[in-house]
Amino acid sequence: MQLCDRTAAHRRPTSIDVLAMTIALVLCQHAQAQEASGPPSVRVEGLEEVIVTAQKREERAIDVPISISSIDDASITARGATAIEDLQFSVPGLSIFGYGPGGSQFIQLRGISSLVGRPTVGRYVDEMPTNLEVLGVGAANRLVDLERIEVLRGPQPTFYGDGSMGGTIRYVTAKPALKEFSGEFRADLSQMEDGGTGWWADGHVDIPLAQDRAGLRLAGAYEDRSGWIDRVPTGQKDINGAKESVLRGSFLTKLGDASDLSVTWEHNATDMDNQNFGTDRKSQLTTATPLHSDADIVSVSLSVDLGFATLVEAPGYMKYKNETTFDISPFYVPFLTAPPPFGFGLPVGFITDIPYAGAYDTETFFNELRLVSKASEGWTWAVGVDYKDAKLDLVSATSTSPGQLPFPILVAGETQTNKVWSAWAEAGFDLTDKWHVGAGVRYFHDDTDFDSFANSFGAETNVGGQDTFDSTNPRFNLSYKVNDNWNLYVNAAKGFRSGGFNVASTDVPPYRPESLWSYEVGSKGLFFDRKFDLETAVYYNDWKDVQSNFYTPAGLTLTENGGNVKGYGVDVSATLRPTENFSFGGTFGWNNMEYKEVPTDCSSGTCVPTGDKFVGDPVDLAVQMAWSAFADYHHTLSAGSTLYGRADFQHADEAQVTIRRPPFDQVSTMPPRDLLNLRVGMTFGRYDVSLYANNALDDDKPVVQAPFGVLFEDVAMMPRQYGLTLQAKF
């Protein structure tokens, strides 16, 4: 072991040192493989059954009559994924656009996407919903010590409700082991193309507190990632480095033979001096664009087995803060220096930098009480009530330098509180040993209070109000069991998204909730002696009262209900394991969601669209087609040692953002993206060492292409990153 310790770190490694260190570690640890305790990993012939809890009970994914992708911790590790963005195109119908780490995400499922209003995809950490009441901002969910991720495609009206119009993403954390002390640790050293060296480490430890009765699991991760964007005017290098951390504690105790209590607390934080803004990995902006966020999430579950059903009381709490800055100098400096009446006529150089800073401060309390029957033949049912009390405070303001204006360009703030309660029920019945029918419904009631102020160039406005939004949303499904490993199903569900207030004007009423009816036909099966897993679905979405941007003759930007979006889609996911050591597969997602009707003004004799969208426009940020492929190979060298390799490729077509309103009148195209990740490594006993290359093709197409709203430079895609990962279990 001394040789291994000396090899591990004696100076700052270069790329050659990384490779040499890898070979040395493999040789010295392989020589000790027979001395390592603990069983070697065992690979099972054929594909294993996937168990999910999407319907609040443990079931085979193949038996659930909705479209689900479940990715377990082993698959997350094999792909080298650390955030949901790393998995997006390998989940059919999923695409994500974000400014960088810290939760600044716009998530789309099956073409359901928006730039205004509340999120269209629900997010949960265990029992706790983590969506905010605003799009594009939310707690970062790093893929640290998870049991699995479940992505539920299509509306989820009964079990998850508001925010789940396009689907739901569930982060299911790993639970404490109650038998023996154990743990795992990973460390990673990487080099960024056109950047510097970065590192990260994560791990967990299980601490039994009472044999088979109580246990504690502690997990954490820290990443110091190099930047790759240079600021040209100042000569600064790699300005967009990031530091991210996660700390989680989970407690589990069996209160008796029929009840248990689990409590999970997580803290995550992100710090960046500059976000990923730049074109060709260079930034011309002189103003810093920092991002700082942190979140505390608590999820509690008290479960009591009543024999015929399980009673669950699940309270939760989240506190989230986010501070971010954008540079809007390219837009306002020319306006301030332009001569009247087109501008203010300020001397050139009096003001050169105009940062626009915003801060979110939110608190959310959530509680669900439910009763879920045991999974068995005949009847299955579930009923529940939940309550959410959410408060959002937002303050944003501009500043100027080196000169100061006697009035603010823009200062704004808003406070919103939402008191939401829902009641839901779902039941299923086996008509025969082949046919199963199910139905459910959720009633949603949202009391919203809103207060805002704004001061733009000295002109003040104040808007406030209170309103109630209600919605009743059913679901129906019918499934046919061809055999134990193959199910066919049809599913119809109504999704919804709650309404909201307009900040710009007291004369405009709140915008109403949206509704989405989705109709799906699907198949899930394991074939050829469980060596081939194939899941397919065809769906049709009918989305009404879509919340969109509109503008008045005075130039005020509003959000109103208008326009209908319709379209078909296809999801495919397949995995083939022809031998015990080799597997490959892929996914495919396609939709043609587009606006079929838009509001028009016919007062001039010619009907002209009044909002952002025209008939035929695609949905903002929705990728029409994406596909992925992977290959995974393991070769046993000797008892306890295995050589492995994996390749993952993801492709996404372009997406579009349409903002036909002043001052950002534009149609922006997000270019297609390709991503190839490669990894090769060796396991021996308790240890694992691997080399990887992420974005091996060094695709440099932007995630978001400027100009886009307040963005005047692209949101850059992470370049090629290669490195070394070491892992040890104890």
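The values are calculated or read from the model by the stated rules, or taken from the named source; none is laboratory data. What you see is a predicted model; the values in this text were computed from it and never measured. Glycine also receives a Cβ, built like all others from the backbone with ideal geometry; neighbour counts cover every protein chain displayed.
Can you go through 325, 352, 380, 337 and tell me which one is surrounded by 14 or more Cβ atoms within 10 Å (Cβ to Cβ), free of Cβ contacts under 8 Å to residues at least 24 places away in the same chain and not acidic (Asp, Glu)? Walk me through it before giving the result.
Details: 325 fails: free of Cβ contacts under 8 Å to residues at least 24 places away in the same chain; 352 fails: free of Cβ contacts under 8 Å to residues at least 24 places away in the same chain; 380 fails: free of Cβ contacts under 8 Å to residues at least 24 places away in the same chain.
Exactly one residue qualifies, and that residue is 337.
How about segment 390-430: which of its residues are buried (at least 16 other Cβ atoms within 10 Å of the Cβ), part of a loop (DSSP other than H, G, I, E, B) and aliphatic (A, V, I, L, M)?
405, 409
Checking residue 361 against (1) assigned to a strand (DSSP E or B); (2) closer than 30 Å to residue 53 by Cβ, which test does it fail?
Tallying (1) assigned to a strand (DSSP E or B); (2) closer than 30 Å to residue 53 by Cβ, residue 361 fails exactly one: (2).
Restricting attention to segment 134-161, report how many residues are under 27 Å from residue 540 (Cα atoms) and in contact with a strand residue (DSSP E or B) (Cβ under 6 Å, 6 or more places away or on another chain).
Total meeting the criteria: 13.
Looking at residue 352, is it in contact with a helix residue (DSSP H, G or I) (Cβ under 7 Å, 6 or more places away or on another chain), at pLDDT below 95 and either outside the structural domain of residue 256 (by TED's automatic domain parsing) or part of a strand (DSSP E or B) (or both)? I'd like the intermediate steps shown before the answer.
Details: in contact with a helix residue (DSSP H, G or I) (Cβ under 7 Å, 6 or more places away or on another chain): yes; at pLDDT below 95: yes; either outside the structural domain of residue 256 (by TED's automatic domain parsing) or part of a strand (DSSP E or B) (or both): yes.
Yes, satisfied.
Among the residues of segment 633-643, is there at least one that is at pLDDT below 90 and hydroxyl-bearing (Ser, Thr, Tyr)?
Yes: one or more hits.
Could you pull out the residue among 446, 484, 467, 451 that is of a type in the set (D, E, K, R) and farther than 21 Å from residue 391 by Cα?
Working: 446 fails: farther than 21 Å from residue 391 by Cα; 467 fails: farther than 21 Å from residue 391 by Cα; 451 fails: farther than 21 Å from residue 391 by Cα.
After ruling out the rest, the residue left standing is 484.
What number of residues within segment 574-597 are in a strand (DSSP E or B) and within 21 Å of residue 645 (Cα to Cα)? Before the answer, list the steps.
First pass over segment 574-597, keeping only residues in a strand (DSSP E or B): 574-576, 582-591, 594-597.
Now drop any that are not within 21 Å of residue 645 (Cα to Cα), which leaves 574-576, 582-587.
Of the residues in that region, 9 qualify.
Output the qualifying pairs, or none if there are none: Cβ atoms under 8 angstrom, residues six or more apart or on different chains, first residue in segment 536-553 and modelled with pLDDT under 85, second residue of a type in the set (Lys, Arg) and surrounded by fewer than 24 Cβ atoms within 10 Å (Cβ to Cβ).
Here the result reads 549/661; 550/661; 551/661, each pair linking segment 536-553 to a residue that is of a type in the set (Lys, Arg) and surrounded by fewer than 24 Cβ atoms within 10 Å (Cβ to Cβ).
Within the bounds of segment 375-389, is there any residue that is at pLDDT below 95, outside any loop (DSSP other than H, G, I, E, B) and among the small types (Gly, Ala, Ser)?
No, because not a single residue in segment 375-389 is at pLDDT below 95, outside any loop (DSSP other than H, G, I, E, B) and among the small types (Gly, Ala, Ser).
In segment 69-120, what residues are hydrophobic (A, V, I, L, M, F, W, C), farther than 15 Å from residue 655 by Cα and surrounded by fewer than 22 Cβ atoms within 10 Å (Cβ to Cβ)?
Hits for segment 69-120 are 71, 74, 76, 78, 81, 83, 116.
Determine, yes or no, whether residue 432 is in contact with a Phe, Trp or Tyr (Cβ under 9 Å, 6 or more places away or on another chain) and at pLDDT 90 or above. Talk me through it step by step, then tell me what you get.
Working: in contact with a Phe, Trp or Tyr (Cβ under 9 Å, 6 or more places away or on another chain): no; at pLDDT 90 or above: yes.
It is false that residue 432 is in contact with a Phe, Trp or Tyr (Cβ under 9 Å, 6 or more places away or on another chain) and at pLDDT 90 or above.
Condition first: acidic (Asp, Glu) and on the phi > 0 side of the Ramachandran plot. Now tell me which residues in segment 316-349 satisfy that.
None - no residue of segment 316-349 is acidic (Asp, Glu) and on the phi > 0 side of the Ramachandran plot, so the list stays empty.
Check segment 277-285 and report whether any residue there is in a strand (DSSP E or B) and touching a Leu at 6+ places or on another chain (Cβ under 6 Å).
Taking segment 277-285 as the starting set, the residues that turn out to be in a strand (DSSP E or B) are 277, 279, 282-283.
Filter again for touching a Leu at 6+ places or on another chain (Cβ under 6 Å), leaving none.
No.
Just checking, how many residues over segment 192-250 are over 23 Å from residue 269 (Cα atoms) and part of a loop (DSSP other than H, G, I, E, B)?
Of the residues in segment 192-250, the ones over 23 Å from residue 269 (Cα atoms) are 193-194, 206-215, 230-237.
Still in the running and part of a loop (DSSP other than H, G, I, E, B): 193-194, 211-213, 232-235, 237.
The total comes to 10.
Out of all the residues in segment 412-436, which are out of contact with any Asp or Glu (no Cβ under 9 Å at 6 or more places or on another chain) and either in contact (Cβ under 8 Å) with a residue 60 or more places away in the chain or not polar (S, T, N, Q) (or both)?
Going through segment 412-436, the residues out of contact with any Asp or Glu (no Cβ under 9 Å at 6 or more places or on another chain) turn out to be 412, 425-429, 431-432, 434-435.
Correct list: 412, 425, 426, 427, 428, 429, 431, 434, 435.
Can you confirm whether residue 712 is crowded, with 17+ Cβ neighbours inside 10 Å, farther than 24 Å from residue 76 by Cα, modelled with pLDDT under 95 and more than 21 Å from the chain's Cα centre (by Cα)? Step through it out loud before you land on a result.
Values: crowded, with 17+ Cβ neighbours inside 10 Å: yes; farther than 24 Å from residue 76 by Cα: yes; modelled with pLDDT under 95: yes; more than 21 Å from the chain's Cα centre (by Cα): yes.
In short, yes.
For segment 457-485, name all the residues that are of a type outside the set (S, T, N, Q), touching a Pro at 6+ places or on another chain (Cβ under 7 Å) and either surrounded by 17 or more Cβ atoms within 10 Å (Cβ to Cβ) or not in a strand (DSSP E or B) (or both).
Residues satisfying the conditions are 469, 475.
Could you list all residues from segment 598-617 that are in contact (Cβ under 8 Å) with a residue 60 or more places away in the chain and either part of a strand (DSSP E or B) or within 22 Å of the chain's Cα centre (by Cα) (or both)? Before the answer, list the steps.
If we filter segment 598-617 for residues that are in contact (Cβ under 8 Å) with a residue 60 or more places away in the chain, which is where we start, we get 610-613.
Matches in segment 598-617: 611 only.
Of 684, 730, which residue is of a type in the set (Phe, Trp, Tyr) and surrounded by fewer than 17 Cβ atoms within 10 Å (Cβ to Cβ)? Break it down stepwise before answering.
Numbers: 684 fails: surrounded by fewer than 17 Cβ atoms within 10 Å (Cβ to Cβ).
Going through 684, 730 in turn, the sole match is 730.
Residues that are of a type in the set (Lys, Arg) and under 30 Å from residue 615 (Cα atoms): which strands (runs of 3 or more DSSP E) entirely in segment 649-706 hold 1 or more of them? Spell out the reasoning first.
On the way: elements: 655-659, 666-670, 673-684, 687-694.
Counting at least 1 such residues, we get 673-684.
Within segment 505-524, how many residues are assigned to a strand (DSSP E or B) and surrounded by fewer than 18 Cβ atoms within 10 Å (Cβ to Cβ)? Even if it seems obvious, please write down each step before you answer.
To start, the set of residues in segment 505-524 that are assigned to a strand (DSSP E or B) comprises 511, 514-524.
Next, from what is left, pick out any that are surrounded by fewer than 18 Cβ atoms within 10 Å (Cβ to Cβ): 517, 519, 521, 523.
Residues flagged as assigned to a strand (DSSP E or B) and surrounded by fewer than 18 Cβ atoms within 10 Å (Cβ to Cβ) within segment 505-524 amount to 4.
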